[in-house]
Structures are given as C-alpha cells and as structure tokens.
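Trainee: Provided herewith is a single structure, encoded as structure tokens, for subsequent inquiry.
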Amino acid sequence: KTLGLFKNYEDRAKIIAEMKVRGRVKNVEEEVLDKDQVTHIGLFSADSIYIGSDQYLVTSMVDVTSLKKLEEEIKTYNTELKSMVEDEIKKRQLIGEEAQKYRQELDETEERYRIIAESAADVIWVFNLTKNKFTYFSPSIQQWTGYSVEEALELKMDQLLPPEFAGIVNAEMKLRAH
C-alpha cells in the first residue's frame, strides 16, 4: 500500500525525472495529502547522497499551507485596497471636476456683478466690519466724491458720510459687532 502523499502523481513523476537527471530537487511546491485526505502545500526538496558505497535519498518537506493562505489573503486584500484607492481617485477627480465647474460659474457670476457694479451710476461699496475699513468701491465713487477708488479705500466711514449718517452707521456697526 502506498502512502498516497502526493495529490497529483504527475507532479511526483516530474520530481522523480528531475532527480534522475540532476540528482536533486529543491523547494518544489507540491500539494500533498495527509492521512485524513486534507490537502497541504509543501516545499519539497530531495538530494541523493553517498555514504561510503551506499546511496541515500535525503528528503524534506516544509508545510507552507498557512503561508500560502496568508499570501492569498494578502492578494485579496491588495486587490480590494487597489479597488478602493481607484474608487477614491475617481471620486476625487469628480469632485475636482465639480469644483472646477462651480469655480467657473462663480467667476462668471463675479464678472457679471463686476460689470454691473462698474457700470452703475450709483456708488456701490463694501465695508469690512471686523477690520473697520472699506474693501471695495465701484468706479462711480470718483464721479460722486472726486476721490479715486484707491483714495476712497483709505477713508474712514465718518470721512465719507455726513456726520448725522456716520453716527447712525457707527452705532449700528457697534450693535452688529457684539
């Protein structure tokens, strides 16, 4: 009765053929069966040696079944991770494309409002309450006050408005600041 160690006897025949040609085999991966017919993966090595006039066959098999299972799990995780990374890259590309689209829409909207502000006969201005300074004047400021936009940006609120309005605006700004 044979032990039935090799799961595939064609592989066993290849090992025997290589042994006949080279006199040895080293780290050949083989599926083997235990006595309960459970498959294991082993690294099989064999060497023919002589001690005196006697020839011996020295063999070893290292069970790498658990290493192979880990290797397969790592491949699976790597595949899943690669897929997740590719999905994330696609999402970020879409977000980037959407952001670019919104940026373009914002630029177009800003351009329309800039044209309106620069064309308006009325003075349009923006005042930063936190910094207590003007941050924008439409070009019509020069027609109304004689100040260029650059000069007007250096003015304080009470320098631009009549005293009765400047007091009201300053009081309102203090209320809104708190």
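Trainee: Counting just the residues of region 53-69 that are more than 51 Å from the chain's Cα centre (by Cα) and in a strand (DSSP E or B), which one comes out farthest from ASN27 (Cα to Cα)?
Mentor: Residues of region 53-69 more than 51 Å from the chain's Cα centre (by Cα): 53-58.
Now restrict to residues that are in a strand (DSSP E or B): 54-58.
On the way: ASP54: 25, GLN55: 21, TYR56: 19, LEU57: 15, VAL58: 13 Å.
Checking each candidate, the answer is ASP54.
Trainee: Now for a different question. Filter region 42-52 down to residues that are surrounded by fewer than 18 Cβ atoms within 10 Å (Cβ to Cβ) and touching a residue at least 12 places away in the same chain (Cβ under 8 Å) and give me whichever is farthest from the chain's Cα centre (by Cα). Outline the logic, then answer.
Mentor: Quick first cut of region 42-52, residues surrounded by fewer than 18 Cβ atoms within 10 Å (Cβ to Cβ) only: 43, 45, 47-52.
Now drop any that are not touching a residue at least 12 places away in the same chain (Cβ under 8 Å), which leaves 43, 45, 47-48.
Numbers: LEU43: 39, SER45: 44, ASP47: 51, SER48: 54 Å.
Result: SER48.
Trainee: When residues of region 162-178 are filtered for being of a type in the set (Lys, Arg) and either free of Cβ contacts under 8 Å to residues at least 24 places away in the same chain or touching an Asp or Glu at 6+ places or on another chain (Cβ under 6 Å) (or both), how many remain?
Mentor: Summing the residues that are of a type in the set (Lys, Arg) and either free of Cβ contacts under 8 Å to residues at least 24 places away in the same chain or touching an Asp or Glu at 6+ places or on another chain (Cβ under 6 Å) (or both) in region 162-178 gives 1.
Trainee: Moving on to the next point. Given the residues LYS14, LYS35, which is the only one that is under 51 Å from the mean Cα position of the chain (by Cα), farther than 20 Å from LYS69 by Cα and part of a loop (DSSP other than H, G, I, E, B)?
Mentor: On the way: LYS14 fails: part of a loop (DSSP other than H, G, I, E, B).
Sole residue among the options that is under 51 Å from the mean Cα position of the chain (by Cα), farther than 20 Å from LYS69 by Cα and part of a loop (DSSP other than H, G, I, E, B): LYS35.
Trainee: Pairs, please: C-beta under 6 Å, at least 6 apart or cross-chain, first residue more than 13 Å from VAL62 (Cβ to Cβ) and among the charged types (D, E, K, R) and in region 22-38, second loosely packed, with under 11 Cβ neighbours inside 10 Å and modelled with pLDDT of 85 or more?
Mentor: Short answer, once both residue conditions are applied: GLU31/THR39.
Trainee: Now for a different question. In this structure, does LYS26 turn out to be open to solvent by 90 Å² or more (accessible area, probe 1.4 Å) and in a strand (DSSP E or B)? Explain how you work it out, then say what you get.
Mentor: Values: open to solvent by 90 Å² or more (accessible area, probe 1.4 Å): yes; in a strand (DSSP E or B): yes.
So LYS26 fits the description; yes.
Trainee: Let me ask another. Counting only residues that are acidic (Asp, Glu) and under 16 Å from ILE49 (Cα atoms), how many does region 9-32 have? Don't jump to the end; show me each part of the working.
Mentor: Within region 9-32, the subset acidic (Asp, Glu) is 10-11, 18, 29-31.
With under 16 Å from ILE49 (Cα atoms) added as a condition, the list becomes 18.
Total meeting the criteria: 1.
Trainee: I've got another one for you. Here are GLN93, GLN159, GLN100, GLN143: which of them is assigned to a helix (DSSP H, G or I), polar (S, T, N, Q) and in contact (Cβ under 8 Å) with a residue 12 or more places away in the chain? Before you say what the answer is, go through the steps one by one.
Mentor: Numbers: GLN93 fails: in contact (Cβ under 8 Å) with a residue 12 or more places away in the chain; GLN159 fails: in contact (Cβ under 8 Å) with a residue 12 or more places away in the chain; GLN100 fails: in contact (Cβ under 8 Å) with a residue 12 or more places away in the chain.
That would be GLN143, the only listed residue that is assigned to a helix (DSSP H, G or I), polar (S, T, N, Q) and in contact (Cβ under 8 Å) with a residue 12 or more places away in the chain.
Trainee: Starting from residues that are within 19 Å of ARG176 (Cα to Cα) and of a type in the set (S, T, N, Q), keep the ones in region 116-165 and report whichever is surrounded by the fewest Cβ atoms within 10 Å (Cβ to Cβ).
Mentor: Residue satisfying both the conditions and the ranking: THR130.
The values are calculated or read from the model by the stated rules, or taken from the named source; none is laboratory data. Note that this is a predicted model, so its numbers are computed, not measured. Neighbour counts run over all protein chains shown; Cβ positions are idealised from the backbone, glycine included. Note: areas computed on protein heavy atoms with side chains; ligands, DNA, RNA excluded. Shrake-Rupley method; radii C 1.70, N 1.55, O 1.52, S 1.80 Å.
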